[in-house]
Structures are given as C-alpha cells and as structure tokens.
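S.K.: Got a structure here, written out as structure tokens. Questions coming.
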Amino acid sequence: MDFIKATPNGLSCKGEPILLRGFGLGGWFLPEGYMWKLYTKCDRPRRMEKMIEELCGKTYADYFWHQYFERYITEKDIELIAGEGFNSIRLPLNARLLCDRDNSELIFIKETIERIDQLIDWCKKYNIYVILDMHGASGGQTGQNIDDSENDEPGLFIEVKYQEELAAIWVKLAERYVNEEVVAGYDLINEPLPNWFSQYNHMVLPLYRKLIKEIRKVDQNHLIILEGVHWATDFCIFQEFTKEEAQDNIMLQFHKYWSNPDKESLESFTDTAKRLKVPLYMGEGGENNCEWYTTMFPLYERLNISWSFWSYKKMDCDNSPITFSVPAGWNELMDWIEGKKNLDTTRAKEIFNQFLACISLRKVNRNVFCALKRQVPVNIPCEAYDDFTIRSIRIPGVILRMTDPVTLLFKNGKSGEVDYKRYGGEEQPENETICIQLTAGDLVGYEFISKQPIVTAFVTASGCGTLRIQIDDEIIKYTVGICKTYTAIFRCDTDSKKKINLICEKGRIRLDRIKLE
C-alpha cells in the first residue's frame, strides 16, 4: 500500500488510478439510536449512555460499553469487506470519546485510540484503506443526533473554544498517523450545518482553512477531505475556495440519499470538482432498497467517483450488508423509553446482555453486496441502464436521466418526479415503478458481474414486437405480447464484467426489470 494522492483526474496510488469503494462503520464509535431502533427519544451516544447508566448503574454501563466496542466491529468484518472485493472503510469518530483533558493538556483516551490503532492493523493485514471521519466534532457541528451534540445546537460554530479543540485533535491525529500509508485521508467535519443553521455557513470554509493549515504543519502526506453543508449536499461554501488551495491534496465529499439515481443530480458536485480540479468522494449513501443501490453505485464508478456505503451494520434490516437480531425483551426497553412501564435493574441488565450477544452474531445480507457490485444474483430496474442506442424520440413521462434520449414512463401512466424514499429498504410501490419504452432499433444495455458459468436472465416486458436478449454473441429472441417474464440462459466467463443488451427489433416494447440468477 502507499499514500493516496489527489489529482485532477481522480485518486492515484503509486501513480496508478484508484477508486475507493467501501463502507462507513456507522454505529461503532458513534452509535445512533435509529441503528438500535430506539429512534428520537434515545437518538445519540450521550442519551444512550445515560439510559444504560440510569437503568443498570455505572459499573454495568462501563462493562457494557467495553463489550460493545469489542464486539460491534471485529477483524472478521474487515476480512469480509476485503473478501467481497472492497478496498476501504470510513471510520466515524466522536471527539468527546476520542480526547480528554488532563488539566489543560489534550490527551487521547487510551481505550479509544488503541481501538483505532487495532483497526488500522487489521486494515493493513487485508489491504483496506481507512478514512478518519470526524463524525461528532467538538461541540457538535449539526445540533442533531449524528454529532452527539449536547444542546441540539452546532456548538462548533458558536463557541471558538470548540474550534480550537477540534484543530488540536486533528493535529494529534496527524502527528500519530503521519507516516501511516493505510490511512487514506482525514475527513475534517461530517455534514456541517443543516439549512436551519445556515446563518453559520460563512464560518465553514475559514474553519476548513484553519484545520488544513494546522494539519499541514505536521503532515503533508495525507488526503484532506472537505464536505459541503446541509448534510454534505450543498457545495455553495466552496465558491471562494481557489484552485491553488485545492491542489494541496484535497478531495471534496458529498452525501446522497433518497433522491434520483442519475448523473444530473450530481452536477453541482461534478461541476465544482471540475472547476477546482479535485477528485470527488460520495462519503455516505444508502438506507434505501437494493434496486436503488444497483442503479446508483455503479454510476459513481462510471463517473470516477469514490464511494462509501452507509451504514455497514445495524439492527434487524435487510438493506445494510450486516445486521443482527432484535434482542429478547427489547420491546420492554422501548416501553420504558416511552414512559409506558417501569424496568428494574435486573431485567434491564438481562436485556442489554441479550443485545451484546446479538451484535456478536452477525448476519450477512448478501443481496446488498451483490447490489453494490451488480453481481449475479441481482435485480436491475430498467432505469439503471449503462448504455443505449436510441432512434426513437423521447416521450415525456418520468423526470429522470433527462439528458438521455431513453423514454422512461411510469407504469401507471402518471408523470413527474420519482419518489425514491425507501428508508427501510422496502420495494418501490407500484405507483412509483418505471418502464422503458423501446421501438424498432432501440437498445439499452446493463453491465453486471458474474462469478458463475451460467447466467439466467429473466426480463419482464410487454407490448407488441420482437425482443432480442443478448450477452456477447449469444442471442435469444422473443415475440412480446402481454406482460410476462421472458427467460434466457447464457454461458458466461466467471469473475468477469459482462453486459446484457435488450434490443427492440420491431414493433414497440416496454421493459420493466431484469433479474439475473
């Protein structure tokens, strides 16, 4: 491994292009209530800590958190990530649990920094890059659950002392890891300032400049990663950032959730990166269904955008790679949080012990890994095409991929924007599903990866015409009538990237989805 460097054309390692592809280890050093299905009333670490100590006492609480940090992410997780073909992780940090003061001196909290070092050692072993992400900055940068803020305010931008403390923490981290090649870079502040605190937006770029200056005094080796405001979706703060500043091994980061999976939705980010001649990193995206992943994440790679899926692990789900069961008695804890019933210490300890047992017994959602890589078996929605040859005129319908000539229509006949808000991973409802209309001579192609010698394609289509399904030189034709699923079996080289082409030879055909097994 070697240091990652930013170039105008993307990231490089030893002079060769590299794309970071991996996972945010959300919920480990900064657990969020929704990942435990606790939601708003116990939504951040300090409230979760208070809950456990109130129910179980300080001695048990100390035991619980020690076990939690030991078990939530282990070497086996890094081994799995590497084994699935990914090359990076983004590690969310909580400044409150990272550093403390001994009199006036800022010092690392021993247990936390040793765990970070241990993670770095695991990542060295499996050739996985680590991005250090200041997810909960000193004082809080958002005033929300994600930064563990105390008073629901972005204290980082209200009190200068927190900015000084954050700078000191980053200097300590840079001094410790200056020569550590497995550390890809420093993500200075996660998702600063939602729109309702935009009165502080003018302070973000000056703070970035201060942090960069302090870090560069001790570390000229590592990438420095800067995020936009409002959940890292708004790059307006970089209008005054100069090309000269950006050449200091800088990468810009955006986040993307629950929105159109198309390149048009990324233009504000790609335009800024092009102007500043820096690479882009999609540092958080996920919390949706696998078909959205199948559409969005391959697009990042086609656009040479590195990415990190959020989140790697959470309770009782099928839309993160790793999940774990709901502990026995968890509903009793929920009732206690809601004030509906009492919970004695003995029972509370039993429930939290069950929780610790559950997080140790991970379950792998292989469908998520397959969706992110578009690896068989996988479902591909029609709008996820990678290639096209279109002779027909685009018909108005779905407002998606508007710079392409491909006709996208809602199956139920409505028109307008698509609602991609599938927070729990549920399928698109019928009134939001899309089809592609092809007429004679039109083609759409979908790339995929096969690790098996035989691939069966199930193509759902309707209309009146002839559909040609093609992989390499193998062609299977169907006369399409009423809506049904057309099946085609192909031989494929294993571990290879392939493309399935769907061609309308004559007539008019509507494509729904492609399922590859």
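S.K.: Is there any pair with a first residue in segment 447-475 that is within 17 Å of Val376 (Cα to Cα) and of a type in the set (A, V, I, L, M, F, W, C) and a second that is at pLDDT 95 or above and part of a loop (DSSP other than H, G, I, E, B) whose Cβ atoms are under 6 Å apart and which are 6 or more apart or on different chains, and what are they?
M.R.: Short answer, once both residue conditions are applied: Phe448/Arg374; Val455/Val376.
S.K.: For segment 351-366, indicate whether the set of residues that are part of a helix (DSSP H, G or I), in the same structural domain as Thr74 (by TED's automatic domain parsing) and within 30 Å of Ala461 (Cα to Cα) is non-empty. Step through it out loud before you land on a result.
M.R.: In the first step, residues of segment 351-366 are kept if they are part of a helix (DSSP H, G or I); the result is 351-360, 366.
The next check asks that each one be in the same structural domain as Thr74 (by TED's automatic domain parsing); those that pass are 351-360, 366.
From what's left, within 30 Å of Ala461 (Cα to Cα): 366.
Within segment 351-366, one or more residues are part of a helix (DSSP H, G or I), in the same structural domain as Thr74 (by TED's automatic domain parsing) and within 30 Å of Ala461 (Cα to Cα).
S.K.: Within the bounds of segment 89-111, is there any residue that is in the same structural domain as Glu175 (by TED's automatic domain parsing), surrounded by 21 or more Cβ atoms within 10 Å (Cβ to Cβ) and either of a type in the set (Val, Ile, Thr) or without any contact (Cβ under 8 Å) to a residue 40 or more places away in the chain (or both)?
M.R.: Yes.
S.K.: So, one more: Can you tell which of Glu284, Glu245 is more than 25 Å from Cys370 (Cα to Cα) and in contact (Cβ under 8 Å) with a residue 24 or more places away in the chain?
M.R.: Values: Glu284 fails: more than 25 Å from Cys370 (Cα to Cα).
After ruling out the rest, the residue left standing is Glu245.
S.K.: Go through segment 294-346 and give me each residue that's of a type in the set (Val, Ile, Thr) and not in a loop (DSSP other than H, G, I, E, B). Walk me through how you get there before you give the answer.
M.R.: If we filter segment 294-346 for residues that are of a type in the set (Val, Ile, Thr), which is where we start, we get 294-295, 305, 322-323, 326, 337, 345-346.
If the condition is that a residue be of a type in the set (Val, Ile, Thr) and not in a loop (DSSP other than H, G, I, E, B), then Thr294, Thr295, Ile322, Thr323, Ile337, Thr345, Thr346 are the ones that fit.
S.K.: So, in segment 67-90, of the ones that are aliphatic (A, V, I, L, M) and touching a Gly at 6+ places or on another chain (Cβ under 8 Å), which residue ends up farthest from Trp28 (Cα to Cα)? Walk me through how you get there before you give the answer.
M.R.: First, pick out the residues of segment 67-90 that are aliphatic (A, V, I, L, M): 73, 78, 80-82, 89.
From what is left, the residues that are touching a Gly at 6+ places or on another chain (Cβ under 8 Å) are 81, 89.
Values: Ile81: 16, Ile89: 13 Å.
It comes out as Ile81.
S.K.: Which ones in segment 265-288 are in contact with an Asp or Glu (Cβ under 9 Å, 6 or more places away or on another chain) and surrounded by fewer than 23 Cβ atoms within 10 Å (Cβ to Cβ)? Spell out the reasoning first.
M.R.: Here is the first cut: in segment 265-288, the ones in contact with an Asp or Glu (Cβ under 9 Å, 6 or more places away or on another chain) are 268, 276, 281, 283-284.
Those that are in contact with an Asp or Glu (Cβ under 9 Å, 6 or more places away or on another chain) and surrounded by fewer than 23 Cβ atoms within 10 Å (Cβ to Cβ): Ser268, Leu276.
S.K.: For segment 174-191, give me each residue that is in a loop (DSSP other than H, G, I, E, B) and either over 25 Å from the mean Cα position of the chain (by Cα) or among the hydroxyl-bearing types (Ser, Thr, Tyr) (or both).
M.R.: Going residue by residue through segment 174-191, those that are in a loop (DSSP other than H, G, I, E, B) are 178-182, 188-191.
Of everything in segment 174-191, those that are in a loop (DSSP other than H, G, I, E, B) and either over 25 Å from the mean Cα position of the chain (by Cα) or among the hydroxyl-bearing types (Ser, Thr, Tyr) (or both) turn out to be Val178, Asn179.
S.K.: Confirm whether Lys497 is within 19 Å of Ala384 (Cα to Cα), modelled with pLDDT under 95 and either surrounded by fewer than 18 Cβ atoms within 10 Å (Cβ to Cβ) or not assigned by TED's automatic domain parsing to the domain that holds Ile380 (or both). Outline the logic, then answer.
M.R.: Working: within 19 Å of Ala384 (Cα to Cα): yes; modelled with pLDDT under 95: yes; either surrounded by fewer than 18 Cβ atoms within 10 Å (Cβ to Cβ) or not assigned by TED's automatic domain parsing to the domain that holds Ile380 (or both): yes.
So Lys497 passes the test.
S.K.: List pairs: first in segment 209-228 and within 22 Å of Lys14 (Cβ to Cβ), second in a helix (DSSP H, G or I) and modelled with pLDDT of 95 or more, Cβ under 6 Å, 6+ apart or cross-chain?
M.R.: So the pair list comes out as Asp219/Ala174; Ile224/Ile212.
S.K.: Taking helices (runs of 4 or more DSSP H) that fall entirely within segment 47-131, which contain at least 2 residues that are acidic (Asp, Glu)? Full working, then the answer.
M.R.: Numbers: elements: 58-71, 75-83, 95-98, 110-126.
So the answer is 58-71, 75-83, 110-126.
S.K.: Regarding Lys50, is this residue within 30 Å of Thr346 (Cβ to Cβ) and free of Cβ contacts under 8 Å to residues at least 12 places away in the same chain? Step through it out loud before you land on a result.
M.R.: Values: within 30 Å of Thr346 (Cβ to Cβ): yes; free of Cβ contacts under 8 Å to residues at least 12 places away in the same chain: yes.
Yes.
S.K.: Name every residue in segment 277-289 that is outside any strand (DSSP E or B) and either among the acidic types (Asp, Glu) or out of contact with any strand residue (DSSP E or B) (no Cβ under 7 Å at 6 or more places or on another chain) (or both), in order of residue number.
M.R.: The first filter runs over segment 277-289 and keeps only residues outside any strand (DSSP E or B), leaving 277-279, 285, 287-289.
Selection gives Lys277, Glu287, Asn288, Asn289.
S.K.: For segment 102-135, enumerate the residues that are modelled with pLDDT under 95 and either polar (S, T, N, Q) or within 15 Å of Thr74 (Cβ to Cβ) (or both).
M.R.: Asn103, Ser104
S.K.: Further, regarding this structure: Select from segment 461-512 the residues that are in contact with an Asp or Glu (Cβ under 6 Å, 6 or more places away or on another chain) and either closer than 17 Å to Gln437 by Cβ or acidic (Asp, Glu) (or both) and list them in ascending order.
M.R.: Thr466, Arg468, Cys504
S.K.: Moving on. Tell me which residues, restricted to segment 192-228, are part of a loop (DSSP other than H, G, I, E, B), within 24 Å of the chain's Cα centre (by Cα) and surrounded by fewer than 20 Cβ atoms within 10 Å (Cβ to Cβ). It would help to see each step written out before you state the result.
M.R.: Kept after step one, since they are part of a loop (DSSP other than H, G, I, E, B), are these residues of segment 192-228: 192-194, 217-222, 228.
Subsequent filtering for residues that are within 24 Å of the chain's Cα centre (by Cα) retains 192-194, 222, 228.
Correct list: Pro194 only.
S.K.: Same structure, new question: Applying the selection to segment 423-472, what residues are in a loop (DSSP other than H, G, I, E, B) and within 17 Å of Cys483 (Cα to Cα)? So that I can check it myself, show each step before the final result.
M.R.: Pass one, segment 423-472, residues in a loop (DSSP other than H, G, I, E, B): 423-429, 433, 440-442, 451-453, 472.
Selection gives Thr433 alone.
S.K.: Still on this structure, please answer the following. Quick check on Arg394: is it in contact (Cβ under 8 Å) with a residue 60 or more places away in the chain and surrounded by 13 or more Cβ atoms within 10 Å (Cβ to Cβ)?
M.R.: Numbers: in contact (Cβ under 8 Å) with a residue 60 or more places away in the chain: no; surrounded by 13 or more Cβ atoms within 10 Å (Cβ to Cβ): yes.
No; evaluated as a whole, the condition is false for this residue.
S.K.: Give segment 380-402 a look and list any residue that's part of a strand (DSSP E or B) and either in contact with a Phe, Trp or Tyr (Cβ under 9 Å, 6 or more places away or on another chain) or not assigned by TED's automatic domain parsing to the domain that holds Lys498 (or both), or say none. First the steps, then the outcome.
M.R.: So in segment 380-402, the residues part of a strand (DSSP E or B) come out as 380-381, 387-389, 398.
Selection gives Ile380, Pro381, Asp387, Val398.
The values are calculated or read from the model by the stated rules, or taken from the named source; none is laboratory data. Since the structure is predicted, the reported quantities are computational estimates derived from the model, not experimental observations. Glycine gets a Cβ as well: all are built from the backbone with ideal geometry, and neighbour counts include every protein chain shown.
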